[in-house]
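Report on the structure given below.
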Amino acid sequence: MSEPVHFHLPDVGEGLTEAEVVAWHVAVGDPVELNQLIVDIETAKSIVELPSPLEGTVVELCAQVGETVPVGGRLIAIASPVESADEAPVAEIDLVEDESSATVGESPQVLVGSGVRRASARRIRLTPPADGGTVATRDRAVGRASPSDLLVDERRIPVRGVRKATAAAMVSSAFTAPHATEWVTVDVTATMDLLRRLRSSSAWSGVRLTPLVLVAKALVLAVRAFPEINASWDEESQEIIVRQRINLGVAAATPRGLLVPNIKDAQDLDLRELAEALAGLVELARAGRTPPEDMARGTITLTNIGAFGIDGGTPILNPGEAAILAVGAIRPLPWVVEGEIVVRQTTTLCLSFDHRLVDGELGSRVLHRVGELLSAPETAVLM
């Protein structure tokens, strides 16, 4: 048996600095196989499964469940039957979509675990801490507090993972981008009628169709008509970057906090494909299995506050994006149609935008276009 080899927390996400150990699937003394799932970690974006990079025996778990480990910090020590040249070697893992293999140092090939392989193809370097020292840990138990003056009727919740990342992102966005918000209430009776017809059609059997799917399609069409809103601000060069692809972010409330995964190249999807992509994104988010790639490179966001019975609000921009559309609850209201008051299905659309690169005219035109499409969706939305 060789000397134990220490493996370290890789950067499995965009800009990851730390992760929390959620669950160990092995214990000291357990034999492990190549590519066997050994640990679940929670990053600021998702829960990621990490595989064993070699075959051997577990000799040490370097972090306990609930501990936060910095990138490069030690996770586990494994003694391999193959002689090792170094106790803490540098190892590399290729993350690939198709589960193809990757090499770890000079060891046999490794298949990346399911939580990692969904990320885009890129290279991760696992290295020990620069000072070679131990990994600092801290108490992460929910509801546990150290101050002696804690009142008996208080409960403290550590802010970590998704909630910590969301808090930092929202503060940065709110105090960096000058927000402006506009809203309009629209008659969506035709949209709801279309939705009912599609749901009752055998051609759409098995497709999860919701009002949000039709709103998402309308937003994509509006962005295609006014592409300047699909943009971001480059602070360093003081330039506006207009994105050619629409990566549509969809805010999803999960037990771990708010996630905004995005549908890549939404401009290329028809209504069925968009519905399937949206359902898949939400399912992964609620299960805590959103791969880091799904959280990266969003260009515009859609949030459904109507799901909570809310009519409208002033959403905060996802950092790096120029606009976010909030959709309110769909409610029956009295509406004037050809001079007569009738009951119609209505919703309020609220568009927040970065006023550095989106002026009132552009924002208004985009918002009006979305409302126009939802008022008469039959032809355009089904295209």
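Every read-out reported here was derived from the displayed coordinates using simple, explicitly stated rules and does not represent laboratory data. Note that the structure is predicted; figures quoted are calculated from it, not measured. So basically every Cβ, Gly included, is an ideal-geometry build from the backbone, and we count neighbours across all protein chains shown.
Taking amide H positions as placed 1.01 Å from N in the peptide plane, with prolines and chain starts having none, which residues 5 or more places from Ile310, or on another chain, fall under 5 Å of its amide H?
Counting only residues 5 or more places away or on other chains, the set is Ala329.
Which whole-Hz ³J(HN,Hα) couplings does segment 217-226 yield from phi under the Karplus relation 6.51 cos²θ - 1.76 cosθ + 1.60, θ = phi - 60°, glycine and proline marked x?
Residue by residue, segment 217-226 yields 5, 5, 5, 4, 5, 5, 5, 5, 6, 10 Hz.
Using a cut-off of 13 Å between beta-carbons, work out the net charge of the residues near Arg344 (Lys and Arg +1, Asp and Glu -1, Arg344 not included).
Result for the neighbourhood of Arg344: -3.
Per residue of segment 235-240, in order, report the coupling 6.51 cos²θ - 1.76 cosθ + 1.60 (Karplus, θ = phi - 60°) as ³J(HN,Hα) in whole Hz, putting x for Gly and Pro.
5, 5, 8, 6, 10, 9
I'd like the Karplus ³J(HN,Hα) series for segment 323-338: coefficients 6.51, -1.76, 1.60, θ = phi - 60°, whole numbers in Hz, and an x wherever there's a Gly or Pro.
Those phi angles translate into 7, 9, 10, 9, 10, x, 5, 8, 9, x, 9, x, 9, 8, 10, 6 Hz.
Can you sort Val358, Val26, Val337 from fewest to most other Cβ atoms within 10 Å of each residue's own Cβ?
Starting with the residue having the fewest Cβ neighbours, the order is Val337, Val26, Val358.
Just want the ordering: Ser201, Ser46, Ser364, from fewest to most Cβ atoms lying within 10 Å of their own Cβ.
Ascending Cβ contact count within 10 Å gives the list Ser201, Ser364, Ser46.
Among Val282, Thr314, Gly339, whose Cα lies farthest out toward the positive end of the dipole of segment 164-381, if unit charges sit on the beta carbon of Lys, Arg (+1) and Asp, Glu (-1)?
Checked the options; the winner is Val282.
Given 37 °C and 0.692 mPa s, how large is the Stokes-Einstein diffusion coefficient of segment 164-381 in µm²/s, with Rh as the Kirkwood radius over Cα pairs?
For the chosen part, D equals 185 µm²/s.
Return His368, His8 ranked ascending by Cβ neighbour count within 10 Å, so the fewest neighbours appear first.
With the sparsest Cβ surroundings first, the list reads His368, His8.
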